[in-house]
Amino acid sequence: MSTEPPPGSGQPPEDDPFRKQPPPGEGRGPGSGSPYDTPYGGSQPPPPSYGGGPYGGGPHGAGGDEGGYPADPLAGMPPLADSGRRTLARIIDMILVGIVVVLVTLAFGASEYQMHGERLSAGRSLAQSVIAAVLFVAYDTLLIAKTGQTLGKKWLGMRVANLNDGATPSGQTSLVRALVLWLPFAFCCACVWTVVCGGWSFVDKPYKQGLHDKAAKTVVVSTR
């Protein structure tokens, strides 16, 4: 005998899906599968957590907004390195690598020597520029990708970090940074490019980035 109520009785049939819905608040645990059960249920991923990053910024820490996303990527990180100390560190690196460039150049006979009357002058050949570019780029790329520090930066207490998370730059990021810094230096306008590229950090705000930092999305922070 059918249990369905007669038509017009006002009672829904037994197989009516709406009768099988649980009361509000029941069966709505995290595993129910409905995107409305939890703020980020279903296929929608939760927002990323910033609490465990190298900068140590929490969801509502310094610079954070109500949604848990920091308004400033530098929130919680060490202070930015002083531009004057950065310049001194770069000079130290240039001297160290420059000595190696001279020795390798002499070993390969890549310098050009010209006689001007009774005076002997040494010019710069293409081969010498290539040697300088390779050594400077390799030096910067390998050390920055390994620890974030060249020797000059290490001695003066600073390191290169990714702008977005403070981590040590990857090999690719370090290479981009080194190419922008050293290729023009080696091949065309050493003095001018060094002043413009590195000196940009003196006027850049708020991150004190040189042009090579902007290309690689990095910053230089103090370790002291």
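The values are calculated or read from the model by the stated rules, or taken from the named source; none is laboratory data. Nothing here was measured: the structure is a model prediction, and the numbers come from that model. Note: ideal-geometry Cβ built from the backbone for every residue, glycine included; neighbour counts use all protein chains shown. Only protein heavy atoms, including side chains, enter the accessible area calculation; ligands, DNA and RNA are left aside. Shrake-Rupley method; radii C 1.70, N 1.55, O 1.52, S 1.80 Å.
Each residue, N164 and L88, gets one label point 7 Å from its Cα in the Cβ direction; the gap between the two is 3.4 nm.
When the residues I91, I131 are ordered by accessible surface, computed with a 1.4 Å probe over the protein chains alone, the sequence from largest down reads I91, I131. In this rough spin-label picture, where each label sits 7 Å from Cα along the Cβ direction, the S222-L96 distance is 2.2 nm. Annotation: amide H-H contacts under 5 Å for M158 (H modelled 1.01 Å from N, sequence separation of 5 or more, or interchain): T223.
Between L106 and L126, residue separation times 0.36 nm minus the direct Cα-Cα distance comes to 5.8 nm.
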